[in-house]
Structure formats: C-alpha cells, structure tokens
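Accompanying notes for the structure given below.
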Amino acid sequence: MDVVRLRRNGTAAPSAPTEKPRAGQVRRIRRGWLVRRALVAADITGLLAAFAATELLFPEKDLTGGVGAATEALIFALTLPVWIIAAKLYGLYDRDEERATHSAADEVLNVFHLVTVVVWLYYAISWLFGLIRPDQMKLATFWLLALLGVIAARLAARALARRHPGYVQNTVIVGAGDVGQLIGRKLRQHPEYRINLLGYVDATPKTFRHDLADVPHLGEPDEIVDIVRLHNVDRVIVAFSQERSERMLQLVGALRTHDVQIDVVPRLYEAVSPNTVVHGIEGLPLLGLTPSRISRSSRLVKRGLDIVGASLLLVLIAPLMLIIAVLVRRDSPGPVFFRQVRLGMNMREFTMLKFRTMRDGTDHAPHREYLTRILTPHALPDSSNLYKLDRSDVITSVGRQLRRMSLDELPQLLNVIRGDMSLIGPRPSIPYELTLYAPHHFERFGVPAGLTGLWQVEARAHSTFGEALDLDVLYARSWSLGLDMRLLLRTPALMFRKRETS
C-alpha cells in the first residue's frame with residue numbers, strides 16, 4: 001500500500017493516480033455544471049423534435065386551433081422556458097452530481113408526470129379562457145412524442161456527457177476501515193460511474209485487501225482541506241474512522257466551504273434503504289424506516305403487472321424460445337428444460353425452469369461446496385464474476401452462448417405466470433443455501449422471488465455472494481412499484497452485455 005503524507009504547507013509530491021489533476025491547475029468543468037446544460041439542451045431538442053414531427057403528421061390541423069403556423073410556433077417557443085422551470089422544480093437537473101448511480105431510468109416517471117401535467121394544463125387553460133382550441137388528437141400525439149423525445153434525448157445527452165473529462169469526479173474516502181474499503185471496491189468495479197478513487201484519508205488505516213493494495217493513503221483527516229485543494233477533489237465520502245465525532249463534524253463543516261460533494265455513510269447504514277424518509281423534530285434529523293412488508297393492494301397490483309408483462313413477453317419471444325429449444329436438443333442429448341427446486345416468497349418451494357445449459361446428469365454437488373467457501377465476510381469475487389465456478393467441462397456450446405445474454409432464464413416467464421415468481425424480485429434461493437444465511441438474509445423471503453432484481457442490475461457479477469444477498473434484503477426493505485419499474489427498464493440493456501460463463 002502506497003503512503004502519501006502531505007505537509008501542512010501542501011508541498012508534498014504524491015504519486016499520481018489515473019486522471020488526477022496536478023496541483024495548481026485551473027478548476028476544471030464539474031459534473032453538475034456539465035450535465036445540467038446537457039439536459040437542458042436535451043429537453044429543448046426532444047420537445048422541438050416532437051413539435052416538428054407532430055406538424056408533419058398533422059399538417060392540416062393546428063395544435064393551437066387555427067391561429068396560423070407562425071403564431072403556433074411562437075406560442076410553442078414561449079412554453080419552452082416554462083418547461084425548463086418546471087423541470088428544475090421537479091429536480092430533473094440536480095441529481096447527477098449528488099448521486100453516483102443516477103441514470104435516465106430513475107427519472108422516467110418524473111418525466112412522464114411532467115410532460116403530462118404541462119401538456120394537459122396547457123390544453124385546459126387554453127380551453128377555459130377560449131384563447132385557442134387545440135385539436136385533441138394532435139395534442140395527444142404531441143404528448144406521446146414529447147415523452148419519447150425527451151427521454152431519448154436525455155439518454156443521448158448523458159451518454160455524451162459521460163465521455164467528457166469534466167464528468168469524472170475525483171474522490172477520496174475518509175476512513176479506511178471495513179466500510180470504507182467496501183465502498184472503494186464497489187466504486188472501482190463500476191467504471192461507468194466515472195468516479196476516480198484518488199485514495200484514502202485515515203489516521204490509522206486498516207490493512208488493505210489485496211484488490212485495494214494499489215490505492216494510496218493520502219494522509220490524515222486533519223489534512224483533508226489541503227488534500228482537497230492539492231488533488232482537485234470533487235467528492236469526499238465520509239465512512240467510519242477512529243476520529244471523534246466532534247472532530248469529524250468540524251472537518252465536514254470545513255469541506256462544505258470548498259465546493260465539493262460530501263457523502264456521509266450513516267452509522268446504521270445496514271438498516272437504511274432507498275425509500276428511507278428523512279424528517280425531523282425541531283431541527284433534529286430522523287431517518288424513518290418503513291416496515292418490510294408489501295400491502296395487500298400493492299401485491300395485487302404487482303401480480304397484475306406480472307401477469308400482463310410476462311404474457312406479452314411470452315407472445316413476443318415465443319419464436320425465439322422455439323429456436324432455442326431446437327438448438328438445445330440438437331446440441332446435446334437430454335431434456336430442453338433444466339428443473340430445480342427453489343424457494344420463493346415465504347420460503348415456499350417451487351420448480352424453477354431454465355433452458356438446459358449443461359450436459360444431462362451433471363453433478364451439482366460442487367456448487368454446494370463452492371457456496372460454502374465463498375459465503376464468508378472476507379470473500380472476494382473471483383476475477384469479475386460472482387459465480388465463477390469452473391464448470392466449462394460440462395457446459396454445452398449452446399449453453400455457453402445462452403448464459404452470456406441470460407437467455408437461459410427466459411422459461412422463468414412461465415414461473416411468473418404460474419405465480420411462483422415475479423418479474424422483479426430477489427434471486428430464487430436453492431434450499432441448501434439456507435444453512436449459510438445470516439439471520440437478516442431471511443428478510444428477502446418477504447417478497448416474491450424475481451426473474452431479475454436489484455443485485456442483477458446494480459452489481460451483477462461484481463459482488464460477493466454475501467453482498468448479493470444483502471442487496472436482495474435491501475430490495476425487500478425498500479420495495480415499491482417505482483423501484484420495480486426502474487429495475488425493469490434497466491434490465492434489457494444488461495442482458496446483452498457479455499458476462500463470464502458460470
């Protein structure tokens with residue numbers, strides 16, 4: 001582990017990690033500044049494209065009821081500032097700098113709400129005051145195209161912004177204990193976050209795990225302000241350290257005057273979930289933790305969405321599944337489907353279906369032994385894969401290709417229709433895994449098992465098995481229809497990313 005000590009005058013010469021600006025450089029473009037402007041341009045582009053497309057589709061009708069093309073274009077142009085202000089109020093420009101994992105999928109519902117409110121409010125005011133009489137079909141078409149156009153433009157804007165050097169956030173972690181090192185490892189496993197981990201700040205750092213051995217120790221907490229200045233730091237993550245709470249509060253207060261994003265890991269972070277509500281009593285902040293249960297009405301809605309979604313998907317991909325079934329049968333002797341007993345909601349057993357990817361009669365005992373070895377507090381994922389158990393001798397050639405795009409899991413749509421599983425939820429557990437679970441891991445059985453879920457989307461092959469279970473528990477604690485929709489929207493792109501064959 002490299003150790004870099006900064007003198008009080010800040011004249012030390014630290015080893016240069018990747019993408020670290022030199023001392024004295026002019027302050028570069030920041031992520032928030034860059035993304036805000038990119039998203040404003042994206043919104044305007046999406047709305048203009050929707051307006052132009054609507055005009056081409058309905059050339060004989062006026063969106064504003066016969067006032068003329070020039071006046072119609074002028075009225076539309078005057079509404080653009082209203083959109084920008086409303087989007088700002090909805091928080092659609094201010095999340096990327098705060099959240100490392102923010103994506104367009106996280107704001108689809110807000111964009112849908114905003115487009116709907118703005119368009120139909122525009123129609124209602126126009127109709128009530130008799131100023132203009134918009135054609136309803138044309139206005140509805142504009143609403144749909146505006147929704148699609150804004151979402152598509154925002155996707156493109158973020159993709160372009162992520163390529164800009166200004167999107168990179170130079171980051172230091174205060175606290176090099178277990179929690180700080182866990183954060184560091186997760187950041188390094190996700191280059192798409194564009195967070196450049198410069199090093200750790202801690203008076204008494206814990207011995208680094210081997211996958212963090214090349215991360216430098218930049219100094220002690222008392223030197224944090226000098227470190228921020230010298231390294232042009234954009235983000236400081238405060239994890240647990242041996243410093244007194246009063247001293248850490250002083251350091252955080254000093255950092256808030258230096259234009260850096262500050263993230264603080266709460267002491268009871270294991271109990272905090274994404275839907276934790278921050279409220280207060282006379283200025284004293286409290287974290288409100290919702291019960292880990294799904295109401296009856298929510299279960300009915302979730303079940304209805306599962307039936308509709310799985311049925312539509314089965315109709316659409318039926319030809320693909322037929323082709324896969326033929327390929328599986330021709331590739332090796334044995335059944336088309338692999339059947340295995342799994343545990344769903346409330347630990348109820350069911351038979352899960354997958355396309356067979358291994359030779360018929362393969363012994364699965366090695367998997368049980370493998371889980372026993374890796375389900376430990378200090379386990380590391382092998383290379384880049386969560387389940388990198390070398391079974392290449394029993395995996396078929398067709399099975400290898402199916403696993404790379406998760407196509408072997410498509411038959412689980414039948415499990416969804418039968419009610420064994422949901423489209424979104426924790427990974428279905430194998431019964432013999434239960435002996436390896438910690439007590440809190442059993443919370444994952446409070447929601448239906450899923451075809452995809454939080455750990456598949458957020459971590460995929462980058463987590464240890466224990467961390468994957470923790471993400472399943474986090475999903476169970478923070479379930480909402482909005483979370484399901486976001487995970488469902490992000491899943492298709494992940495299916496086509498290559499993964500190591502397990």
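Values in this text are rule-based calculations from the coordinates and carry no lab data. Everything numeric here is computed off the predicted structure, so don't read it as measured data. Neighbour counts are summed over all protein chains in view; Cβ atoms, including those assigned to glycine, are modelled from backbone coordinates with ideal geometry.
At full extension, residue 435 and residue 303 could sit 44.5 nm farther apart than now, given 0.36 nm per residue minus the alpha carbon distance. Using the Karplus relation 6.51 cos²θ - 1.76 cosθ + 1.60 with θ = phi - 60°, the per-residue 3J(HN,Hα) values for the range 335-350 come to x, 6, 9, 9, 10, 8, 6, 10, 10, x, 4, 6, 6, 7, 6, 8 Hz, with x marking Gly and Pro.
Close amide-amide hydrogen proximity is noted between residue 338 and 354, 355, 356, each under 5 Å apart and 5 or more residues distant or on a separate chain (H modeled in the peptide plane; Pro and chain starts excluded). About its Cα centre, the dipole of the range 173-239 is roughly 300 debye, where the only charges are +1 on Lys and Arg Cβ and -1 on Asp and Glu Cβ.
For an R0 of 45 angstrom, estimate the FRET efficiency from the Cβ-Cβ distance between residue 485 and residue 284 and round to the nearest 0.05. Efficiency for this residue pair is about 0.85. Phi angles of the range 175-182 translate, via the Karplus equation with coefficients 6.51, -1.76, 1.60 and θ = phi - 60°, into HN-Hα couplings of x, 10, x, 4, 5, x, 6, 5 Hz per residue; Gly and Pro are given as x.
Counting other Cβ atoms within 10 Å as a rough exposure proxy, the listed residues 264, 447 run 264, 447 from fewest neighbours to most. Rounded to the nearest 20, the size of the Cβ-charge dipole of the range 127-242 about its Cα centre is 780 debye, with Lys and Arg at +1 and Asp and Glu at -1.
The HN-Hα couplings worked out from phi for the range 267-272 by the Karplus form 6.51 cos²θ - 1.76 cosθ + 1.60 (θ = phi - 60°) are 4, 9, 4, 5, 8, 8 Hz, whole numbers, x standing for Gly and Pro. The residue 37 and residue 263 beta-carbon pair, evaluated with R₀ = 22 Å, returns a calculated FRET efficiency of approximately 0.40. The H on the amide N of residue 451, modeled in the peptide plane, is under 5 Å from the matching H of 422, 423, 424, 425, each at least 5 residues off or on a different chain.
Dividing the Cα radius of gyration of the range 191-240 by 2.2 N^0.38 Å, with N the residue count, gives 1.17. Distances between placed amide hydrogens fall under 5 Å for residue 238 paired with 174, 263, 264, 265, all partners being 5 or more residues away or on another chain.
Exactly which trypsin sites (Lys or Arg not before Pro) in the range 225-287 are in a DSSP loop and have at most 14 other Cβ atoms within 10 Å? Mind dumping the intermediate values first?
Details: sites: 229, 235, 244, 247, 256, 267; in loops: 244, 256, 267.
Answer in residue order: 244, 256, 267.
Taking other residues whose beta carbon is less than 13 angstrom from the beta carbon of residue 417, and scoring Lys, Arg as +1 and Asp, Glu as -1, yields 0.
Multiplying the residue separation of residue 95 and residue 210 by 0.36 nm and removing their Cα-Cα distance gives an extension gain of 38.1 nm. Placing unit charges on each Cβ (+1 for Lys and Arg, -1 for Asp and Glu) gives the range 268-319 a dipole about its Cα centre, and among 273, 294, 309 the Cα reaching farthest toward its positive end belongs to 309.
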